[in-house]
Amino acid sequence: MTSDSYQNLSAVVRQFQDELAKNPGFLQVDTDLRLNKPEVRLEVDREKAADLGVSVDAVSRAVETMLGGRNVTRYKREGEQYDVIVQTVSTGRDTPDDIEKIFVRGRNEQMVPLSALVRTREIVVPRDLNHFGQRRSAAITTNLSADYSLGQALDFMDATAQKVLKPGYATDLNGQSREFRSASGSLALVFAMALLFIYLVLAAQFESFVDPFVIMLSVPLSMVGALAALQWSGGSLNVFSQIGLVTLVGLITKHGILIVEFANQLREKGIETKAAVQESAKLRLRPILMTTGAMVLGAIPLAMASGAGAESRQQIGWVIVGGMSLGTLLTIFVVPTMYTLFARKAIPGANKTHVDETASAGHLPHDVIAK
């Protein structure tokens with residue numbers, strides 16, 4: 001963006017494109033600023049016009065009327081209204097030489113040829129006069145190679161702008177790049193707020209600050225799978241994959257809830273912590289695998305999508321597929337281990353009655369198994 005002329009802007013844009021073309025990550029760098037529209041520019045000799053008694057306004061009105069046309073009046077005939085337009089016939093306004101045929105009235109009512117007062121100059125101008133933020137602008141678009149992310153591209157363009165742009169020039173983002181930069185700035189806050197909200201809800205549900213911590217250890221495990229799936233599929237960390245990551249937080253914590261909740265119920269019956277978490281992991285394995293299978297199978301069509309808008313659906317799909325798959329595999333081992341290390345020593349309302357030796361050895365009473 002700049003307040004400079006489009007000709008100077010075109011030179012700066014061309015230099016910017018040349019710098020981007022040196023980077024193999026950018027493919028087919030293009031711009032919407034093209035100086036390919038021919039134009040005839042008239043320059044009035046004001047001193048000569050003043051000597052001949054012709055005002056600049058009269059010159060501009062003559063050119064506008066004879067070449068562009070002027071609606072001078074209307075008349076009605078048989079109930080219909082018609083516009084009266086004064087204009088030179090099309091064959092008399094095709095070339096710059098036709099200006100010599102136009103006359104204006106000067107001092108003492110003398111007719112002065114327009115060619116004696118103006119100089120013509122043929123130039124090229126932009127076909128479209130694009131503006132952004134009320135300033136002259138040119139949009140630069142490009143495709144990215146498979147191994148080059150949008151974030152890397154924006155960082156390179158910012159560095160190129162600092163190197164190439166002159167004082168008075170500025171850059172801004174539009175479309176998907178603008179959304180990515182805006183979302184990236186708030187992603188850390190959104191992610192932290194999502195984790196805090198889930199933690200507080202779980203703390204209220206379990207009446208403990210330790211159990212939610214154990215449950216949420218599954219979140220970083222799923223993040224590893226999600227990022228690995230993005231890397232393998234050629235995706236990038238963009239707006240859509242970030243939405244998938246926030247969604248994944250709520251999905252993966254369900255596995256830890258199933259294990260920790262049932263382990264607490266067993267400990268309320270008087271079962272020792274290690275035996276309770278082992279039994280909980282064994283009995284809750286099938287629901288966990290069913291939940292993971294349903295989510296992964298439901299996200300595969302998104303990951304394998306094609307057609308219009310497929311790029312956005314693929315990003316969300318691969319995040320869920322990779323995060324749920326690897327996250328589940330690690331959760332069923334890590335959460336029971338962490339529960340054994342960090343679990344509360346006593347469960348409120350736990351049965352204090354004696355449990356026989358078979359229970360302490362890992363064998364549960366019949367009433368617990370029946371539940």
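The values are calculated or read from the model by the stated rules, or taken from the named source; none is laboratory data. Everything numeric in this text was worked out from a predicted model, so none of it was measured. Here Cβ is always computed from backbone atoms with ideal geometry, including for glycine, and neighbour counts include all displayed protein chains.
Here's the yes/no breakdown for (1) buried (at least 18 other Cβ atoms within 10 Å of the Cβ); (2) in contact with a helix residue (DSSP H, G or I) (Cβ under 6 Å, 6 or more places away or on another chain):
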| site | (1), (2) |
| --- | --- |
| 290 | no, no |
| 304 | no, no |
| 329 | no, no |
| 335 | yes, yes |
| 342 | no, yes |
Checklist outcome for this item: Exactly one of 224, 249, 296 is farther than 16 Å from residue 334 by Cα, in a helix (DSSP H, G or I), in contact with a Leu (Cβ under 7 Å, 6 or more places away or on another chain) and aliphatic (A, V, I, L, M), and that residue is 249
Checklist outcome for this item: Taking region 133-155 and keeping only residues that are surrounded by fewer than 17 Cβ atoms within 10 Å (Cβ to Cβ), touching a strand residue (DSSP E or B) at 6+ places or on another chain (Cβ under 7 Å) and part of a loop (DSSP other than H, G, I, E, B), one is left with 139, 145
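Considering every residue within region 51-60, establish whether at least one is of a type in the set (S, T, N, Q), out of contact with any Asp or Glu (no Cβ under 8 Å at 6 or more places or on another chain) and either assigned to a helix (DSSP H, G or I) or under 30 Å from residue 10 (Cα atoms) (or both). Write out each step before concluding.
Step one: filter region 51-60 for residues of a type in the set (S, T, N, Q), giving 55, 60.
So of that shortlist, the ones also out of contact with any Asp or Glu (no Cβ under 8 Å at 6 or more places or on another chain) come out as 55, 60.
The next check asks that each one be either assigned to a helix (DSSP H, G or I) or under 30 Å from residue 10 (Cα atoms) (or both); those that pass are 60.
Among the residues of region 51-60, at least one is of a type in the set (S, T, N, Q), out of contact with any Asp or Glu (no Cβ under 8 Å at 6 or more places or on another chain) and either assigned to a helix (DSSP H, G or I) or under 30 Å from residue 10 (Cα atoms) (or both), which makes the answer yes.
State whether one or more residues within region 28-47 are assigned to a helix (DSSP H, G or I) and modelled with pLDDT of 85 or more. Before you say what the answer is, go through the steps one by one.
Step one: list which residues in region 28-47 are assigned to a helix (DSSP H, G or I), which gives 46-47.
Now narrow it down to the ones that are modelled with pLDDT of 85 or more: 46-47.
Yes, region 28-47 contains a residue that is assigned to a helix (DSSP H, G or I) and modelled with pLDDT of 85 or more.
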Checklist entry - Going through region 170-180 one residue at a time, which ones are without any contact (Cβ under 8 Å) to a residue 60 or more places away in the chain and surrounded by fewer than 16 Cβ atoms within 10 Å (Cβ to Cβ)? => result 173, 174, 175, 178
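Between 195, 230, 187, which is in the same structural domain as residue 265 (by TED's automatic domain parsing), aliphatic (A, V, I, L, M) and modelled with pLDDT of 85 or more? Break it down stepwise before answering.
Values: 230 fails: modelled with pLDDT of 85 or more; 187 fails: modelled with pLDDT of 85 or more.
Sole residue among the options that is in the same structural domain as residue 265 (by TED's automatic domain parsing), aliphatic (A, V, I, L, M) and modelled with pLDDT of 85 or more: 195.
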Checklist entry - Here is a list of conditions, (1) surrounded by fewer than 20 Cβ atoms within 10 Å (Cβ to Cβ); (2) more than 24 Å from residue 195 (Cα to Cα), and residue 243 meets all of them except one; can you say which number that is? => result (2)
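Does residue 125 fit the bill of being surrounded by 14 or more Cβ atoms within 10 Å (Cβ to Cβ), touching a Phe, Trp or Tyr at 6+ places or on another chain (Cβ under 6 Å) and farther than 30 Å from residue 309 by Cα?
So residue 125 fails the test.
Every residue, every condition in (1) under 17 Å from residue 295 (Cβ atoms); (2) buried (at least 17 other Cβ atoms within 10 Å of the Cβ); (3) not assigned by TED's automatic domain parsing to the domain that holds residue 335, yes or no:
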| position | (1), (2), (3) |
| --- | --- |
| 207 | no, no, no |
| 215 | no, yes, no |
| 221 | yes, yes, no |
| 225 | yes, yes, no |
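Out of all the residues in region 299-326, which are small (Gly, Ala, Ser) and under 25 Å from the mean Cα position of the chain (by Cα)? Steps first, please.
Filtering region 299-326 down to residues small (Gly, Ala, Ser) leaves 299, 303, 305-310, 312, 317, 322-323, 325.
Residues satisfying the conditions are 299, 303, 305, 306, 307, 308, 309, 310, 312, 317, 322, 323.
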Checklist entry - Do any residues in region 233-249 that are assigned by TED's automatic domain parsing to the domain that holds residue 222 have Cβ atoms under 7 Å from those of residues that are aromatic (Phe, Trp, Tyr) and crowded, with 20+ Cβ neighbours inside 10 Å, where the two are at least six apart or on different chains, and which pairs are they? => result 233/318; 235/318; 238/180; 239/180
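Here are 20, 33: which of them is closer than 22 Å to residue 122 by Cα and surrounded by 15 or more Cβ atoms within 10 Å (Cβ to Cβ)?
Details: 20 fails: closer than 22 Å to residue 122 by Cα.
Going through 20, 33 in turn, just one is closer than 22 Å to residue 122 by Cα and surrounded by 15 or more Cβ atoms within 10 Å (Cβ to Cβ): 33.
Condition check ((1) touching a Gly at 6+ places or on another chain (Cβ under 9 Å); (2) assigned to a strand (DSSP E or B); (3) at pLDDT 85 or above; (4) farther than 17 Å from residue 43 by Cα) across all residues:
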| residue | (1), (2), (3), (4) |
| --- | --- |
| 63 | no, no, no, no |
| 73 | no, yes, yes, yes |
| 76 | no, yes, yes, yes |
| 91 | no, no, no, yes |
| 97 | no, no, no, no |
| 100 | no, no, no, no |
Checklist entry - When you go through 71, 130 one by one, which is the residue that is in contact (Cβ under 8 Å) with a residue 12 or more places away in the chain, loosely packed, with under 13 Cβ neighbours inside 10 Å and either outside the structural domain of residue 241 (by TED's automatic domain parsing) or more than 48 Å from the chain's Cα centre (by Cα) (or both)? => result 71
